[in-house]
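Engineer: Sharing a structure below in structure tokens format, with a few things to ask.
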Amino acid sequence: MPSSLPLFDSAPLPVATRGPRSTPERWLPTRPLPAPTLWLCLHLPQLPLEVRTRGLPASRACVLVEGEGTRRRVLMANTRAATLGIRAGMPVGAAHALGEVVELERSVEAEQAALTRLAHWAMQFSPLVSLVAPDGVLLEVRGSLRLFQGVEGLLTRLRQGLKQLGYRAQYAVAPTPLAATALARVSARAVVEDMHELPRHLAGLPLAALRLAPAEEEALASVGVRTVGECRRLARADLARRLSPALLDHFDKLHGLAPDPRAALPVPNRFESRLELPWEVSHAQALVTAGERLLHELQGFLRGHNAVTRLLRWRLRDRSGHWQSFELRLTQPGREQAHMLLLLRETLMRMSLAAPVTAMELLVDDLVQGRPGEGADLFGQRPAAQGEAYAAFIDRLRARCGDEALRGVALEAAHRPEAAWRWRQGEGLTLAQRVGARSLSAAGRQARPLWLVREPLTLPTHEGIPHFEGPLTLAPERERIEAGWWEGPAPARDYFVARTPRGGRLWVYKELEGEQRWRLHGVFE
Amino acid sequence: MSLEDLLQRAQVWRAGRAAPGVGLASGFAALDAILPGGGWPTRGLTEILAAGSGIGALRLVLPALARLSREGRWIIWVAPPHIPYSPALSGHGLDLTRVLVVDFPEDERNAAAQSLWAYEQALRFDACGAALLWVDRLPQLRLRRLQLAAESGATWGLLFRPAACAAQASPAPLRLELRALDAASAPAALQVRLHKARGRHAGQCCRLELEI
């Protein structure tokens with residue numbers, strides 16, 4: 001391979017034998033622009049199908065169909081369908097004859113929405129991400145190479161991420177956006193880091209990979225030009241005159257001879273993603289796969305935006321179009337996918353679906369700038385790591401047991417025993433907080449039971465003696481507790497420590513008004 | 001392998017020798033004297049089998065819980081029979097910010113299963129000092145599972161069960177029977193009997209006087 005290839009007119013190309021005329025490339029020896037940029041293109045050949053199938057594990061044969069009436073044909077088939085022998089282009093009827101298949105309608109809007117979300121997800125790898133409609137995403141990665149340990153490290157991360165999203169992609173890295181795009185369309189994986197290497201890699205590229213206007217491609221084909229290398233051997237002036245100046249510009253951009261700036265995709269301030277399921281699902285547990293995909297999208301989005309969140313809002317659409325919604329709350333703002341998935345799993349396990357679900361949606365608009373675990377503790381009272389472990393623990397319990405099941409306790413400044421304490425719930429449970437005033441009843445001085453009975457229990461009496469597991473023996477000391485006038489009507493009570501025949505100690509009171517009942521209010525356990 | 005090696009590995013215990021390791025001081029000298037390791041275990045299950053309510057099953061462990069809470073460890077109460085009354089807890093020195101109560105309305109479908117699940121999570125949660133569960137009947141398999149969870153973590157698992165459960169075999173390495181002595185006396189006296197203790201002869205007793 002001659003080393004002087006970057007000067008386009010200098011040497012024959014490997015494909016020269018197939019060219020229309022065996023002449024050297026005619027283009028002016030323009031020096032390629034210096035290339036500080038490196039572009040990575042993700043090309044998703046199966047996007048239309050994957051958008052419809054990725055919500056559930058690939059347990060059934062699925063085909064994407066196109067056309068009307070009797071001319072309906074298979075556009076794409078998933079792996080399972082392919083093993084049945086179903087191929088693209090086959091009439092739908094023939095596909096059904098080969099086995100049980102799920103027919104899916106194509107949705108161009110859903111594809112474009114999915115592509116945009118993929119681009120937002122990819123912002124974790126590069127700040128400059130743009131779309132190559134309808135099936136590509138372009139990233140400027142020169143600045144990210146060090147962080148991800150070179151092109152190989154970056155590609156590995158991308159591949160793993162895309163797998164979790166449920167997409168298969170072809171990758172190409174090249175110094176110009178058009179070259180990366182075109183290479184990604186024809187090869188599973190191509191890496192050209194050096195501008196000088198570029199012409200060699202582009203030479204054999206079929207023109208179809210450039211997606212030129214059909215008229216231009218036809219015109220070139222009519223003179224026997226089918227690859228980029230063959231095209232380069234045409235005279236620049238001829239090319240511009242016979243075809244169009246725009247085509248020449250396209251070729252210049254492809255080779256880095258003309259600048260080709262790309263606008264970064266605008267950054268939305270909320271995350272919203274919907275996943276259509278390929279078939280209806282009637283058990284909430286089956287939604288885990290879809291949830292995992294959405295959470296992975298969210299994680300990439302949050303990383304790219306350097307943000308964390310506390311609130312995940314989910315919606316499920318049933319077959320009648322009705323939406324059912326639920327929320328996942330994080331005690332500590334975060335973006336850890338594994339933790340969120342655990343919470344989602346627990347929540348789905350508790351959930352019963354009113355009707356079979358056809359789509360799942362995740363919406364996050366509570367975005368907080370920052371990294372997980374940053375400045376989460378208001379008072380700095382506990383080491384951050386321990387606080388984080390606690391937050392994760394609480395979230396897990398909350399997801400499985402429900403919000404109401406978790407409570408802390410606190411003191412209240414009140415005289416009546418039932419008012420001298422309160423539950424701490426929700427936010428109060430996790431903020432390191434002052435526990436509240438000393439109780440007026442002065443816990444230290446007066447005897448208070450460790451258990452307070454939820455509803456004071458009326459005790460039966462025999463000859464004036466209250467009974468609980470037998471007759472109670474009352475200690476001589478009594479404590480009179482009267483409610484303040486501001487606490488509403490509550491009769492005064494005389495409290496006693498009572499002993500059961502088995503030696504247990506109880507806290508009982510006698511009402512001083514009304515029926516004068518004896519009631520059990522606490523246990524000195 | 002020599003006999004000394006075997007003994008060093010602490011897999012063999014000899015009756016009458018305290019198990020290696022230092023227990024958590026219970027706050028009662030007489031009790032520490034009979035507990036293996038000279039105090040409460042810092043991990044694993046401990047069963048408290050109380051004959052009757054109000055005899056002091058909670059006060060028995062409260063000094064140790066209070067100290068754990070002041071060290072910043074969580075005290076997690078699962079399915080308590082009544083409301084843990086914060087004025088009394090705080091009066092006994094418990095740090096209320098470290099108290100977490102997990103319970104379910106009685107009408108909840110599988111409250112018992114949920115409680116066990118939450119308890120197991122608490123046992124496996126490293127920052128939890130002690131996890132308390134009030135439970136009556138428990139299948140042997142569940143008990144074993146809980147014991148494994150308690151041994152794998154760093155949490156002291158307390159199981160409060162009625163005295164009648166003493167008859168059921170249990171994998172818990174420490175089981176205590178509690179009984180009130182002479183009901184008439186004040187202050188109340190409590191008899192603690194080692195029903196089972198790894199590293200100790202079972203059947204040892206001590207008598208404690210508990211203030212309210």
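Engineer: From the Cα gyration tensor of chain A, with a ≥ b ≥ c the square roots of its eigenvalues, which class applies: rounded if a/c is under 1.5, or else prolate if a/b is larger than b/c, or else oblate?
Structural biologist: Values: a/c = 4.68, a/b = 2.66, b/c = 1.76.
Because a/c hits 1.5 or more and a/b exceeds b/c, chain A counts as prolate.
Engineer: Give a residue-ordered list of calculated ³J(HN,Hα) values for the stretch A:137-147 (Karplus: 6.51 cos²θ - 1.76 cosθ + 1.60, θ = phi - 60°; whole Hz; x for Gly, Pro).
Structural biologist: Calculated HN-Hα couplings, in order: 10, 10, 10, 8, 10, 4, x, 9, 4, 5, 4 Hz.
Engineer: Check which residues have an amide H placed less than 5 Å from residue B:188's amide H, if you skip close sequence neighbours.
Structural biologist: So residue B:188 has HN proximity to B:210.
Engineer: Between residue A:249 and residue A:106, what is the label-to-label distance in nm when each label sits 7 Å out along the Cα-to-Cβ direction?
Structural biologist: Label at residue A:249, label at residue A:106, 3.0 nm between them.
Engineer: Starting at the first residue of the stretch B:57-72, write each ³J(HN,Hα) from the Karplus equation 6.51 cos²θ - 1.76 cosθ + 1.60 with θ = phi - 60°, in whole Hz, x for Gly and Pro.
Structural biologist: 4, 7, 5, 4, 9, 4, x, 5, 4, 4, 5, 4, 5, 6, 7, x
Engineer: Given points 7 Å out from each Cα along the Cα-Cβ axis, report the residue A:422 to residue B:33 separation in nanometres with one decimal.
Structural biologist: Spacing of the two 7 Å Cα→Cβ label points: 4.7 nm.
Engineer: Could you give the angle, 0 to 90 degrees to the nearest 10, between helix A:288-304's Cα long axis and the longest principal axis of the Cα atoms of chain A?
Structural biologist: Result, in degrees: 80.
Engineer: Pull out a ≥ b ≥ c, the square roots of the eigenvalues of the alpha-carbon gyration tensor of the stretch A:106-185, then state rounded if a/c is under 1.5, prolate if not and a/b is larger than b/c, and oblate in the remaining case.
Structural biologist: Numbers: a/c = 1.78, a/b = 1.42, b/c = 1.25.
Verdict is prolate for the stretch A:106-185.
Engineer: Still on this structure: How much FRET efficiency would the formula 1/(1 + (r/R0)^6) give for residue A:82 and residue A:219, where r is the Cβ-Cβ distance and R0 is 25 Å, rounded to 0.05? If you can, show how the numbers build up before the last one.
Structural biologist: Numbers: r = 36 Å, r/R0 = 1.45.
With R0 = 25 Å, the Cβ-Cβ based efficiency is 0.10.
Engineer: Let me ask something else about it. Helix A:337-350: angle to the longest alpha-carbon principal axis of chain A, degrees 0 to 90, nearest 10?
Structural biologist: 60 degrees
Engineer: When only DSSP loop residues count, what GluC sites (Glu not before Pro) in the stretch B:104-212 have their Cβ near at most 14 other Cβ atoms within 10 Å?
Structural biologist: On the way: sites: B:106, B:108, B:120, B:151, B:177, B:209, B:211; in loops: B:106, B:108, B:211.
Of the GluC sites (Glu not before Pro), the ones in loops of the stretch B:104-212 whose Cβ has at most 14 other Cβ atoms within 10 Å are B:106, B:211.
Engineer: Can you list which of the trypsin sites (Lys or Arg not before Pro) found in the stretch A:122-177 are DSSP loop residues with at most 10 other C-beta atoms within 10 Å?
Structural biologist: Values: sites: A:142, A:146, A:157, A:159, A:163, A:168; in loops: A:146, A:168.
Those satisfying the criteria are A:146.
Engineer: Related question: If you take the beta carbon distance between residue A:66 and residue B:154 as r and set R0 to 45 Å, what does 1/(1 + (r/R0)^6) give as a FRET efficiency, to the nearest 0.05?
Structural biologist: Once rounded, the FRET efficiency stands at 0.15.
Engineer: So, one more: Can you work out ³J(HN,Hα) from phi for every residue in the stretch B:108-116, in order, using Karplus 6.51 cos²θ - 1.76 cosθ + 1.60 and θ = phi - 60°, giving whole Hz and x for Gly and Pro?
Structural biologist: For the stretch B:108-116, the Karplus-derived couplings read 4, 3, 10, 4, 5, 5, 4, 4, 4 Hz, x marking Gly and Pro.
Engineer: Something else about it: Take every DSSP beta bridge whose two residues both sit in chain B, then give the antiparallel share in percent to the nearest 5. Can you show the working numbers first?
Structural biologist: Details: 15 of 41 bridges.
Close to 35 percent.
Engineer: Which of rounded, prolate, oblate describes the stretch B:85-212, given a ≥ b ≥ c as roots of the alpha-carbon gyration tensor eigenvalues and a/c under 1.5 marking rounded, otherwise prolate only if a/b is larger than b/c?
Structural biologist: Details: a/c = 1.62, a/b = 1.21, b/c = 1.34.
In terms of gyration-tensor shape, oblate.
Engineer: Under 16 Å Cα to Cα from residue B:196, which aspartates and glutamates show up? Leave out anything in the same chain fewer than 8 places away.
Structural biologist: Residue B:196 reaches B:32, B:47, B:177.
Engineer: Using the Cα centre as the reference, give the magnitude of the dipole from point charges on the C-beta atoms of the protein assembly as shown (Lys, Arg: +1; Asp, Glu: -1; all else neutral), rounded to the nearest 20 debye.
Structural biologist: About 1420 debye.
Engineer: Between residue A:415 and residue A:516, what FRET efficiency comes out of the Förster formula 1/(1 + (r/R0)^6) with R0 = 22 Å and r the beta carbon distance, rounded to 0.05?
Structural biologist: Values: r = 21 Å, r/R0 = 0.97.
Approximately 0.55, to the nearest 0.05.
Engineer: On a 0 to 90 degree scale, rounded to 10, what angle separates helix A:384-401 from the longest Cα axis of chain A?
Structural biologist: 80 degrees
Engineer: May I ask you to give the percent of accessible area on the protein assembly as shown that is carbon plus sulfur, with a probe radius of 1.4 Å? Please list the in-between numbers first.
Structural biologist: Working: 17350 of 33030 Å².
Result for the protein assembly as shown: 53 percent of the exposed heavy-atom area is carbon or sulfur.
Engineer: A further question on this structure: By how many nm would the segment from residue A:310 to residue A:482 grow when fully extended, if each residue of separation counts as 0.36 nm and the alpha-carbon distance is taken off?
Structural biologist: Full-extension gain reported as 57.5 nm.
Engineer: Taking the C-alpha atoms of the stretch A:451-523, how large are the radius of gyration and the largest Cα-Cα span, Dmax, in Å?
Structural biologist: Looking at the stretch A:451-523, its Cα Rg and Dmax stand at 12.3, 40 Å.
The values are calculated or read from the model by the stated rules, or taken from the named source; none is laboratory data. Because the structure is predicted, anything quoted here is derived from the model rather than measured. In this analysis, Cβ positions are derived from the backbone assuming ideal geometry, glycine residues included, and neighbour counts consider all displayed protein chains. Ligands, DNA and RNA are stripped out before the accessible areas are found, and what is left, the full protein with its side chains, is counted by its heavy atoms. Shrake-Rupley method; radii C 1.70, N 1.55, O 1.52, S 1.80 Å.
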